[in-house]
Structure formats: C-alpha cells, structure tokens
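Quick notes on the structure that follows.
The values are calculated or read from the model by the stated rules, or taken from the named source; none is laboratory data. Computed from a predicted structure; not experimentally measured. Please note: Cβ atoms are built from the backbone with ideal geometry, for glycine as well, and neighbour counts cover all protein chains shown. Please note that ligands, DNA and RNA were not included when accessible areas were found on the heavy atoms of the full protein model with its side chains. Shrake-Rupley method; radii C 1.70, N 1.55, O 1.52, S 1.80 Å.
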Amino acid sequence: MASARRLSPLRWLLGTLALLLLLCWALYSGARQMGYEWQWPRVLPFLGEWDEGEFYAGPLLNGLLVTLQVALLSLVGTLVVGLCVASLRLLPSRLGPWLALAYLALVRTTPQLVQLYILYFLLGPMLGLAPLACAVLSLSLYQGAFTAEVLRAGVLAIPRGQWEAAHALGLPRAVTLRKVILPQLMTIILPPLTNELVSLIKHSALVSVIAIFDLTNEGRTLVADTFLTFEVWFTVAALYLLLTLTLSACSRALARHLAPDQQGR
C-alpha cells in the first residue's frame with residue numbers, strides 16, 4: 001500500500017504528460033490540415049527580451065504581473081468577505097443568518113460579469129473607484145460567497161467534543177482556537193479552499209473587459225495586432241496553467257506539513 005501511494009504522484013505526472021502530448025499531436029495535425037504555419041519564434045519577444053545585458057519584460061509578462069496583483073488583492077478580499085459571511089451564518093440570532101443567506105442568494109445566482117459591469121459603470125463613478133478597485137471588489141464579493149460556505153462547513157465539521165475537551169482542560173478561548181480548532185480547520189478546508197483560489201485566478205480574466213491590462217487583455221491586443229491567434233492564446237493558457245499548478249503544489253506542500261501522517265495520500 002505504501003509503494004502504491006508513493007507511485008501515485010508519478011502516475012499522475014505521466015498521465016498529465018501523455019495527455020499534453022496527445023493534445024499537442026491533435027493541434028499539430030489540425031494545423032497541418034488547415035495549412036497553418038506556426039510562428040512560435042515571434043511570440044518570444046512578447047514574453048521578454050534581453051537588450052545590452054538588461055531584461056525587458058514583454059506585454060505578456062507585464063500582463064501576468066497585473067493578473068498576479070489582481071489575484072493577490074482579490075484573495076485578501078475574498079478571505080475577509082468569506083470570514084464575515086461565514087460568521088454571520090453561524091450567529092445564533094435570526095438576523096445574521098438571514099442577511100448572509102440574502103447575500104449568498106444574490107451573488108451566487110447572478111453572472112459575475114454582470115456584477116462587474118454594475119460595479120464599474122454604476123457604483124464606480126458614484127463612489128470614485130478606480131478600475132482596479134472595481135475589479136478587486138467584484139472578484140472578492142463573488143468568490144467570497146463561495147469561500148464563506150467552505151469556511152462554514154469546515155467549522156461545522158469539527159466535533160463539538162473538541163471545544164468541550166478544551167474547555168474541560170481550562171484552556172482560554174484564544175488558545176483553544178489557535179492550538180485546537182485552527183489546525184483541524186485548516187486541514188479540513190485546505191482542499192476546497194485551494195479550488196476556490198484556482199477559480200479566483202481563472203475568473204480574474206474577466207477584468208480585461210474594464211480596461212485592466214491583465215494577461216487576457218494583453219493577449220487579445222497582441223492577437224489583434226499580429227494575427228498570431230493560436231500561438232498567443234496557447235501561451236496565455238500556459239501562463240495561467242503555470243499559476244494554477246504552482247498554487248496547487250503549494251497547497252499540497254502545506255497539507256503535508258499540517259497532516260504529516262497523511263503525506264502519502
């Protein structure tokens with residue numbers, strides 16, 4: 001059983017490589033039938049180039065940096081919104097859960113693009129918000145609604161006996177939260193929370209419609225200027241894939257640190 005667990009990451013890697021090779025072969029075959037001539041060398045300057053010993057980032061790398069900025073700021077906002085909404089849902093009163101449910105129903109049942117347009121064209125001018133602020137606020141409010149349910153489910157998944165045992169031992173509430181509840185909570189919510197963060201990175205591409213020069217916006221501009229449709233969009237997709245795979249790897253490493261007894265799973 002232990003050897004099978006150790007081989008599972010290798011099998012996953014081999015399966016991923018096989019799938020990528022199959023996809024590359026299908027794209028190459030389809031391009032040949034269409035008579036399309038690949039021009040990958042023209043894409044390299046869009047990433048960056050060296051000039052007199054100095055590296056100058058191209059539009060795609062600059063767009064990637066903007067995407068990272070939007071994603072990191074939205075991540076902070078998402079966690080804040082998620083914690084607030086989850087806390088409201090867990091309150092013993094009726095008003096708090098009712099407000100949280102109304103917010104969840106409103107946000108989760110309307111398209112995120114529509115919410116972004118409302119913030120940018122309506123609330124943005126009224127409140128004097130910059131495009132970046134509108135983008136971060138829209139992503140935070142939308143993704144925070146889903147993150148709130150992840151946090152609430154994680155809290156409810158911890159047995160009540162853990163709280164009672166800590167109270168019986170005379171532990172202060174702050175110590176109970178930090179030493180008893182929080183480590184268990186992180187182990188429970190880390191996989192679904194990582195999924196929400198990956199969704200946040202992918203949904204950040206929507207901000208390109210409100211004059212945010214992120215990776216998607218830069219890619220669309222390059223396609224319009226160069227007509228390198230396939231090369232540019234495949235490069236953009238590869239950069240997004242790099243971000244999400246890096247996030248997943250960090251999440252897996254953190255999970256192994258929090259639960260070393262489950263390292264092989």
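Restricting attention to segment 14-38, the residues that are at positive phi and either open to solvent by 80 Å² or more (accessible area, probe 1.4 Å) or part of a helix (DSSP H, G or I) (or both) add up to 0. Looking across segment 185-219 at every residue that is among the β-branched types (Val, Ile, Thr) and under 18 Å from Pro131 (Cβ atoms), the one that is surrounded by the fewest Cβ atoms within 10 Å (Cβ to Cβ) is identified as Val209.
Residues in segment 153-168 include at least one that is open to solvent by 60 Å² or more (accessible area, probe 1.4 Å) and within 25 Å of the chain's Cα centre (by Cα).
Has segment 145-152 got at least one residue that is modelled with pLDDT of 90 or more, under 22 Å from Val236 (Cβ atoms), of a type outside the set (A, V, I, L, M) and buried (at least 16 other Cβ atoms within 10 Å of the Cβ)? No: segment 145-152 contains no residue that is modelled with pLDDT of 90 or more, under 22 Å from Val236 (Cβ atoms), of a type outside the set (A, V, I, L, M) and buried (at least 16 other Cβ atoms within 10 Å of the Cβ).
How about segment 56-77: which of its residues are β-branched (Val, Ile, Thr) and within 27 Å of Arg220 (Cα to Cα)?
Answer for segment 56-77, where residues must be β-branched (Val, Ile, Thr) and within 27 Å of Arg220 (Cα to Cα): Val66, Thr67, Val70.
Scanning segment 45-61 for residues that are part of a helix (DSSP H, G or I) and either buried (at least 18 other Cβ atoms within 10 Å of the Cβ) or more than 19 Å from the chain's Cα centre (by Cα) (or both) returns Pro45, Phe46, Leu47, Pro59, Leu60.
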